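What follows is one structure encoded as C-alpha cells, with my remarks underneath.
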C-alpha cells in the first residue's frame, strides 16, 4: 500500500478565499436578509444539509450564510467553513449574533449558539428526534418569514421536502434533485487551493480506471466482508486498476491493504479505538489539517472512476455527486439492506 504525503506545514486558521488577505471580510451589505445555515454531524451531513439551506435561502430571497461554529475539528466558536472552502458570500455569521428579529424566535439573541445547545435548552428529551430540526429552522413550505434573520438547520438533506417549491421556480424546474445538489456543491463547496493541489498530485501519473473505496468504520461500521467481495469482483474485471481508499479507521485500512495490491491513501490520523475523530475534543496534532484531510479524501473519491461504498454514509454520497459518478459505476454494499433503505427513505421525507 502506498501512502501519499503532501509534506505541508502545519496549517493556521485563515479563510480559504485565496484571492483575499486572511481575515479580510467583505463589509456587511445593506439590506441583506440572511439565512444562517447551522450544522451538526460529520462533513457529508453538513455539506448536503447545507445545500438544502442554500436552496431554501434562494427560494426565499435570502442570502445563505454558512455557520460551522459548532466545534467540528476546531474549538466551538471558530467557523470551519471558510477555512476549508471558498465562500462566495463572505459574510461572517458572527455579525448577527446579537440579532433579535430572528425566525425561529428561539434563536433570538442566541445566534452564537449551535443546534445542540438550543435543543438541550428547549427540547432536552428530543436530541434524536428526526423531526426536531423543524423547531429550529424556518419552514420548508409556505412563505418566507418576515424576520430579518432566518435560521436553517437539519442533520440531513431535505430537498425531497422542497420538490413542490422547486417545480414552481424556473431556476430549478425540470432538474433532478441530484443535478441541483451537484450544482450547489460546486458553487458553495469548492475546496481551498491546498486541498485541490493535493488531490491533483495524488492522481498525477496514475492509470485509469481507479477504484475508489470508502469505509466508515468508527461510530458506524460498513461491513468489511461486503466491501472486500465487491472490490475483488471489480478488480477481477479490471486487474490493472489502482485502488484509492478513504477510511477513518486504522483497522479497516489494514484489512484492505493486506488483501489487495496497489492501494493508495493519504497520510492522516486514523482512529485506533473506533471513536470518531472529527470532534474538537479529540486529540489531534493539527485539527485543521485533519479537517482538510477529510475534504481531500472526499474530493479524491470524487475523482475516481468507480466507487464502492454504502449510501448510508453521506460522505460518500457527497463524493459521488461532486464527481458525477454515474449509478452504474457505483457499488452500494447496503443497497439490499432493508433497514438502511427504509431509514434513508424516512429521513429524506421526515
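The values are calculated or read from the model by the stated rules, or taken from the named source; none is laboratory data. The shown structure was predicted, so the numbers you read here are calculated from the model rather than taken from an experiment. We place every Cβ from the backbone using ideal geometry, glycine too, and count neighbours over all the protein chains shown.
Could you check the stretch 137-154 and list, in sequence order, the residues that are crowded, with 21+ Cβ neighbours inside 10 Å and touching a residue at least 40 places away in the same chain (Cβ under 8 Å)?
Step one: filter the stretch 137-154 for residues crowded, with 21+ Cβ neighbours inside 10 Å, giving 137-138, 149-154.
138, 149, 150, 151, 152, 153, 154 - these are the residues of the stretch 137-154 that are crowded, with 21+ Cβ neighbours inside 10 Å and touching a residue at least 40 places away in the same chain (Cβ under 8 Å).
Would you confirm whether or not the stretch 224-232 contains a residue that is in contact (Cβ under 8 Å) with a residue 12 or more places away in the chain, in contact with a helix residue (DSSP H, G or I) (Cβ under 8 Å, 6 or more places away or on another chain), outside the structural domain of residue 75 (by TED's automatic domain parsing) and not in a helix (DSSP H, G or I)? No, every residue in the stretch 224-232 fails to be in contact (Cβ under 8 Å) with a residue 12 or more places away in the chain, in contact with a helix residue (DSSP H, G or I) (Cβ under 8 Å, 6 or more places away or on another chain), outside the structural domain of residue 75 (by TED's automatic domain parsing) and not in a helix (DSSP H, G or I).
Looking at the structure I just gave you, is residue 280 modelled with pLDDT under 95, farther than 22 Å from residue 157 by Cα and surrounded by fewer than 18 Cβ atoms within 10 Å (Cβ to Cβ)? Yes. Does residue 165 fit the bill of being in a helix (DSSP H, G or I), more than 21 Å from the chain's Cα centre (by Cα) and not assigned by TED's automatic domain parsing to the domain that holds residue 270? Judged against the criteria, residue 165 is a match. Regarding residue 272, is this residue farther than 25 Å from residue 339 by Cα and surrounded by 21 or more Cβ atoms within 10 Å (Cβ to Cβ)? So residue 272 does not fit the description; no.
Looking at 222, 295, which is the one that is at pLDDT 90 or above and either buried (at least 17 other Cβ atoms within 10 Å of the Cβ) or within 15 Å of the chain's Cα centre (by Cα) (or both)? The match here is 295.
For the stretch 124-138, a residue qualifies if it is in contact with a helix residue (DSSP H, G or I) (Cβ under 9 Å, 6 or more places away or on another chain) and at pLDDT 95 or above, and the qualifying residues are 132, 133, 135, 136, 137, 138.
Scanning the stretch 225-255 for residues being more than 19 Å from residue 332 (Cβ to Cβ) and within 22 Å of the chain's Cα centre (by Cα) gives a total of 3. Of all residues in the stretch 207-217, exactly one satisfies the criterion of being over 17 Å from the mean Cα position of the chain (by Cα), surrounded by 14 or more Cβ atoms within 10 Å (Cβ to Cβ) and not in a strand (DSSP E or B), namely 209. Residues of the stretch 70-104 that are within 15 Å of the chain's Cα centre (by Cα) and within 26 Å of residue 197 (Cα to Cα): 72, 73, 79, 80, 81, 82, 83, 84, 85, 86, 87. Just so you know, in the stretch 52-63 the residues that are surrounded by 23 or more Cβ atoms within 10 Å (Cβ to Cβ) and over 16 Å from the mean Cα position of the chain (by Cα) include one that is nearest to residue 155 (Cα to Cα), and it is 56.
A single entry from 328, 339 fulfils the requirement of being at pLDDT 95 or above and either outside the structural domain of residue 116 (by TED's automatic domain parsing) or surrounded by fewer than 20 Cβ atoms within 10 Å (Cβ to Cβ) (or both): 328. Give me a count of the residues in the stretch 155-164 that are crowded, with 24+ Cβ neighbours inside 10 Å and without any contact (Cβ under 8 Å) to a residue 40 or more places away in the chain. So the answer is 0.
A count restricted to the stretch 179-194 and to residues that are in contact (Cβ under 8 Å) with a residue 24 or more places away in the chain, part of a helix (DSSP H, G or I) and within 15 Å of the chain's Cα centre (by Cα) stands at 7.
Taking the stated definitions as given, is residue 50 under 22 Å from residue 182 (Cβ atoms), in contact with a strand residue (DSSP E or B) (Cβ under 9 Å, 6 or more places away or on another chain) and not in a loop (DSSP other than H, G, I, E, B)?
Values: under 22 Å from residue 182 (Cβ atoms): yes; in contact with a strand residue (DSSP E or B) (Cβ under 9 Å, 6 or more places away or on another chain): yes; not in a loop (DSSP other than H, G, I, E, B): yes.
The answer is yes for residue 50.
Quick check: anything in the stretch 139-148 within 21 Å of the chain's Cα centre (by Cα), at pLDDT 95 or above and within 12 Å of residue 67 (Cβ to Cβ)? Spell out the reasoning first.
Initial filter on the stretch 139-148 (within 21 Å of the chain's Cα centre (by Cα)): 140.
Filter once more, so that each one left must be at pLDDT 95 or above: 140.
After this cut, where a residue has to be within 12 Å of residue 67 (Cβ to Cβ) as well, the list is none.
No: zero hits.
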